[in-house]
Amino acid sequence: MNDLSFAVPLWVWAAVTLGICVMLAVDLIAHRDNHVIGFKEAAIWSSIWIAIGLGFGLILLAWQGGEVSSTYYAGYLIEKALSIDNVFVFALVFSFFAVPDAYQHKVLFWGVLGALAARLVFIFVGAELLQVFFWTAYVFGAFLIWTGWKMAVSKDEEVHPDRNPVVRLVKKLIPTDPKFHGDKFFIRRNGKRVATLLFVVLVAVEATDLIFAVDSVAAVLAITTNTFLVWTANAFAVLGLRSLYFCLAGLLRRFAYLHYGLAVLLAFAGVKLILSETPVGKLPIPLTLSVIAVTITVSIAWSLIATRNQDGAPDGIPAMTGTPPADRGDETAPAPDRPAVRGTHGKESP
């Protein structure tokens with residue numbers, strides 16, 4: 001598969017990874033008191049993360065030129081757009097388990113750490129497969145087209161976080177208390193280490209993101225198999241996912257048609273990947289950037305115009321008011337027969 005190739009010294013990899021770790025540490029310290037994150041604070045942090053992501057593209061422009069920078073921006077934009085889909089499911093998980101607002105950021109923080117680790121593995125494995133076996137481009141491309149089609153046609157499917165096989169396995173392997181104990185993932189009961197309901201929520205979030213990571217990494221690999229560009233595009237897009245959640249969780253109903261735009265992007269990435277191994281070859285990066293930008297803009301504008309008289313979140317998702325809930329301590333736990341929550345797009349899990 002013909003693609004961008006430029007030498008990335010080991011110290012650059014180390015410096016970028018260290019920078020990402022520092023940013024995660026700053027975010028953790030800024031929210032160490034488990035306070036409820038309001039829209040204004042989330043918007044400020046989202047602006048910071050987006051500025052950092054866009055700024056890294058300028059560094060690439062000065063270092064390697066316009067084609068490399070444009071390729072990074074294409075990957076960053078498609079990953080950022082797909083991360084909005086993560087917000088939908090995270091909101092459903094938090095609603096289903098009735099997670100207090102003040103503890104949601106902690107779950108998302110550790111969830112993002114797992115997401116970054118999983119994406120790093122998928123990037124290197126996927127890029128190697130595409131480089132060594134040309135036919136994997138057809139497999140990945142077909143998978144992206146199928147995922148896009150499924151996202152477009154599978155709307156309002158029920159989501160059952162407690163039925164996720166990973167969550168069920170954890171409950172079988174680890175003694176679990178079906179209640180919240182502050183912001184603790186584990187407690188000691190009768191001298192034994194026991195997982196809390198918040199840990200179960202974390203597992204549900206991690207398991208969900210593994211599913212998202214497959215198609216999002218594949219979508220960026222359709223743009224480039226350069227592992228440095230794919231990694232940085234994913235990392236800088238995912239870094240702002242927590243703040244993005246608190247910005248959008250109360251406005252999810254307004255994005256009623258966004259899933260169609262995301263479906264188009266996934267299908268476009270699949271077609272692009274397949275064409276790369278045909279006489280047509282790679283589609284130009286400017287064309288890719290234009291398709292991504294126009295698709296995102298149209299789908300968001302369409303959603304906002306169509307729902308301009310609506311407020312709040314989708315059915316089953318409480319609006320984020322920014323007001324602290326009462327401390328539920330050990331009293332909150334979902335009932336075994338709790339009704340399923342309905343999703344707003346084609347993802348079937350958790």
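Things to note:
- Look at (1) open to solvent by 10 Å² or more (accessible area, probe 1.4 Å); (2) of a type outside the set (Phe, Trp, Tyr); (3) free of Cβ contacts under 8 Å to residues at least 40 places away in the same chain and you find that Leu210 fails only one, number (3).
- When residues in region 89-108 are screened for being open to solvent by 10 Å² or more (accessible area, probe 1.4 Å) and under 17 Å from the mean Cα position of the chain (by Cα), 2 of them pass.
- Given (1) of a type outside the set (Val, Ile, Thr); (2) under 30 Å from Ala195 (Cβ atoms); (3) surrounded by 21 or more Cβ atoms within 10 Å (Cβ to Cβ); (4) out of contact with any strand residue (DSSP E or B) (no Cβ under 9 Å at 6 or more places or on another chain), index of the condition Trp49 fails: (2)
- When Val125 is tested against (1) among the aliphatic types (A, V, I, L, M); (2) open to solvent by less than 30 Å² (accessible area, probe 1.4 Å); (3) under 27 Å from Glu277 (Cβ atoms); (4) modelled with pLDDT of 85 or more, exactly one condition is not met: (2).
- Evaluating Ala301 against the criteria (1) at pLDDT below 85; (2) exposed (fewer than 14 other Cβ atoms within 10 Å of the Cβ) leaves one unmet condition, (1).
- Region 130-149: number of residues that are open to solvent by 60 Å² or more (accessible area, probe 1.4 Å) and either within 20 Å of Ala207 (Cα to Cα) or in a helix (DSSP H, G or I) (or both): 8
- Here is the figure for region 61-102: residues that are of a type in the set (A, V, I, L, M, F, W, C) and without any contact (Cβ under 8 Å) to a residue 12 or more places away in the chain total 3.
- Members of region 109-122 that are more than 16 Å from Ala213 (Cβ to Cβ) and open to solvent by 70 Å² or more (accessible area, probe 1.4 Å): none
- The set of residues in region 263-284 that are open to solvent by 20 Å² or more (accessible area, probe 1.4 Å) and not in a loop (DSSP other than H, G, I, E, B) comprises Val264, Ala267, Phe268, Val271, Ile274, Leu275.
- Phe133 vs. criteria under 20 Å from the mean Cα position of the chain (by Cα) and among the hydrophobic types (A, V, I, L, M, F, W, C): no
- Which numbered condition Thr227 fails, given (1) of a type in the set (Val, Ile, Thr); (2) in contact with a Leu (Cβ under 6 Å, 6 or more places away or on another chain); (3) more than 17 Å from Ile84 (Cβ to Cβ); (4) open to solvent by 20 Å² or more (accessible area, probe 1.4 Å): (2)
- For region 193-209, the set of residues classified as in contact with a Phe, Trp or Tyr (Cβ under 9 Å, 6 or more places away or on another chain), under 20 Å from Tyr245 (Cβ atoms) and hydrophobic (A, V, I, L, M, F, W, C) consists of Leu197, Leu198, Phe199, Val200, Val201, Leu202, Ala204, Val205, listed by residue number.
- Qualifying residue in region 189-198 (condition: open to solvent by less than 60 Å² (accessible area, probe 1.4 Å), under 30 Å from Ile52 (Cβ atoms), part of a helix (DSSP H, G or I) and modelled with pLDDT of 85 or more): yes
- Matching entry among Ser47, Ser70 (being over 16 Å from Leu289 (Cα atoms) and polar (S, T, N, Q)): Ser47
The values are calculated or read from the model by the stated rules, or taken from the named source; none is laboratory data. Just so we're clear, the structure is a prediction, and the values are computed from it rather than from any experiment. Positions of Cβ are generated from backbone atoms using ideal geometry, with glycine treated the same way; all protein chains shown enter the neighbour counts. These accessible areas exclude ligands, DNA and RNA; they are computed on the full protein's heavy atoms, side chains included. Shrake-Rupley method; radii C 1.70, N 1.55, O 1.52, S 1.80 Å.
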